[in-house]
Amino acid sequence: MLYNISLISMLALVVVPALLFSLLILIKGLLNFSRTGPGIKSEILKHYRVYSIYALLRLFLFVLIINVFLSAIGFFIYLSVIILFKSNYSPIVFTVISFLSIGYFSFVQFCKNLLFVPSNIILSSQYSMSNFYTLWQWLSPKKIILMQWVPEIIIAFLILLAGNTLLQDKSFNLFFVPLLLIFIVAIIPYVSLEFISKLFSFMTNNVNNKQPNIIMIGSDTLRKDRVGRIRNTQSITPNIDKLVKKSISFENCFVPIARTAPSLLSFFSGLLPWRHKIRDNFSEPTDCQLDVLPMAKILNNNRYTTAVISDWCGTDLAKFNLGFQWQDLPEDQWNLRYFIRQGPKDIRLFLSLFLQNHFGRLFLPEIFYLGGVPKGKHLIQRSKSWITQLSRQKQPFFLNIFFGTTHPPFGSEYPYYFKYADPNYWGESKFSMARLTEPEEIIRSQKEPKEAFDLDQIIDLYDGTVTNFDDQVADILASIKE
């Protein structure tokens, strides 16, 4: 019966299946090792052996933590059944149910990512995405909700019934204390920043400034000829079109160099690359200390609060001393230690299924900010939170919001990646531009003719990202109006 189970036995029943499952992931990751970023020569890696071991153990620890939580769900299911039916427990049955719990909820997370953010799987999968097309066809938002919430409702019902039984037996602490702790740890990553920002807005008073607040919204690799483009008799950017009609529109704006870092530097300094000296994306640390006066510093000198926020695409904004007082940015993605910390693909894939949330951003940003994975919804939430907080202070503010929505490999969120695409297309570029997830692939592809690409599909994907960004702009404008 339940009373014969010691606390140590309970802990072992949860941890052992989680440890075994985590070791399987670790072994598979090492056997099929594939790191992000460019190829690294072995003589360079010799200097990073200790750091590589540290990075791997760190990732393994988070894999274990996630699996312990998933295993605990199975543990509480079986424990509830034991309490309700007053039966004896079997360690073997406990272990099997824990394994099933880990497997099922991992599968649900995989399905959620496959439907809503397939790029998250593409960038860490060892397998061709065509292997998952049949599963993708079967999935829908309603089915995902059923797969997630029906078991959770059943589990909650079982736990409540078992808890009521325990209360009658005066065994409250044995069951509910660990359950409460697990619930608190589980719910923290899913607390909505948008809800917090709205709550904060009701708790504070409006502040009127004589100087205007400034909000800049940008998207990396957004082509001018896509703004207002007509498809199926409708514009793919209806919200930006409305904004243009009541705004000043600059028709002759050109980037000095078609690269992110030098273009951003020219934008924020008003200087050409020969003057600010940044001509590519791979600047030495000494070059990042600019001797120019950028826009944010000028505004700082005029009593403005300045802030910048971005997804994986905004690493250059953190690399240079642009003068922003507040930065909500990922660290430099073209960094050897950063690549090493992202670990092998199999480990990275498992972690990325569960850490596309606030918890992942705080504790494993190298997984959360994986290059090429769209972060629009999360960036929108954080942008709204920043707008709310900045608008409640006495000083005027300047906020720069920089999206990677339209950046290659053009992998947008649901439903934008198939909004314009041919439903009969089943090639490798169904969800995002294929064969361009590694730097070596990009270099090789530039030597190939356009016949080597599914160009029509890629254009359709790109137009989907543009509409995605257009809706993001509308979301931010609605938040500003509110």
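Below is a table of values for the structure above.
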item	result
Gain in span if fully extended, residue 377 to residue 133, counting 0.36 nm per residue against the direct Cα distance	85.4 nm
Dipole in debye (nearest 20) - the chain, about Cα centre, beta carbon charges: Lys, Arg +1; Asp, Glu -1	800
Mean Cβ count within 10 Å, highest first, over the residues of peptides 245-255, 158-168, 392-402, 43-53	392-402, 158-168, 43-53, 245-255
More than 15 Å apart - percent of Cα-Cα pairs taken over the range 317-414	68
Rounded tilt (10° steps) of 345-354 against the dominant C-alpha axis of the chain	80
Fraction of accessible area attributable to carbon and sulfur, the chain (%, probe 1.4 Å)	63
Between the range 246-264 and the range 335-397, the Cα center-to-center distance that results, in Å	26
Projected label distance in nm at residue 210 and residue 47, using a 7 Å step from Cα toward the beta-carbon	5.6
Helix-only [θ]222 nm of the chain, DSSP H runs n ≥ 4, -39500 (n - 2.57) each, per residue, nearest 500	-17500 deg cm²/dmol
Semi-axes of the equivalent ellipsoid for the range 1-149, Cα gyration tensor, largest first, Å	34, 24, 10
Exceeding the 21 Å Cα-Cα cut-off - candidates 297/394; 245/384; 419/447; 142/384; 224/481; 224/384	245/384; 419/447; 142/384; 224/481; 224/384
Solvent-accessible area of residue 61 with every protein chain in place, 1.4 Å probe, in Å² to the nearest 10	90
Distance (nanometres) between label positions extended 7 Å along Cα→Cβ at residue 289 and residue 302	2.8
Summed residue charge, Cβ within 15 Å of residue 62's Cβ, Lys/Arg positive, Asp/Glu negative	+2
The range 214-290: radius of gyration and largest Cα-Cα distance (Dmax), Å	15.8, 51
Gain on full stretching of the segment that runs from residue 92 to residue 221 - 0.36 nm per residue minus C-alpha separation	41.0 nm
Label point distance in nm, residue 249-residue 229, each placed 7 Å from Cα along Cα→Cβ	1.6
For residue 216, residues with placed amide H under 5 Å, excluding near neighbours	399, 400, 401
Karplus-derived HN-Hα couplings along the range 13-19 (A = 6.51, B = -1.76, C = 1.60, θ = phi - 60°), whole Hz, x at Gly and Pro	5, 7, 6, 4, x, 5, 5
Percentage, to the nearest whole number, of Cα pairs in the chain over 45 Å apart	20
Förster-model FRET efficiency, 51 Å R0, residue 477 and residue 57, C-beta, rounded to 0.05	0.65
At R0 = 51 Å, FRET efficiency that the Cβ-Cβ distance of residue 150 and residue 272 yields, to 0.05	0.30
Solvent exposure of the chain as accessible area per residue, Å², 1.4 Å probe	53
Positive-pole candidate from 285, 271, 235, dipole of the range 228-313, charges at beta carbon	235
DSSP-defined antiparallel bridges as percent of all bridges, the chain, nearest 5	10
D_trans [Stokes-Einstein, Kirkwood Rh over alpha-carbon pairs] for the range 67-111, 25 °C, 0.890 mPa s, µm² s⁻¹	229
Listed peptides 378-387, 463-472, 282-291, 147-156 by packing density, highest first (mean Cβ within 10 Å)	463-472, 378-387, 147-156, 282-291
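The values are calculated or read from the model by the stated rules, or taken from the named source; none is laboratory data. Bear in mind that the values here come from a model prediction, so they are computed numbers and not experimental data. We place every Cβ from the backbone using ideal geometry, glycine too, and count neighbours over all the protein chains shown. Areas reflect the complete protein model, heavy atoms only, side chains present, ligands, DNA and RNA absent. Shrake-Rupley method; radii C 1.70, N 1.55, O 1.52, S 1.80 Å.
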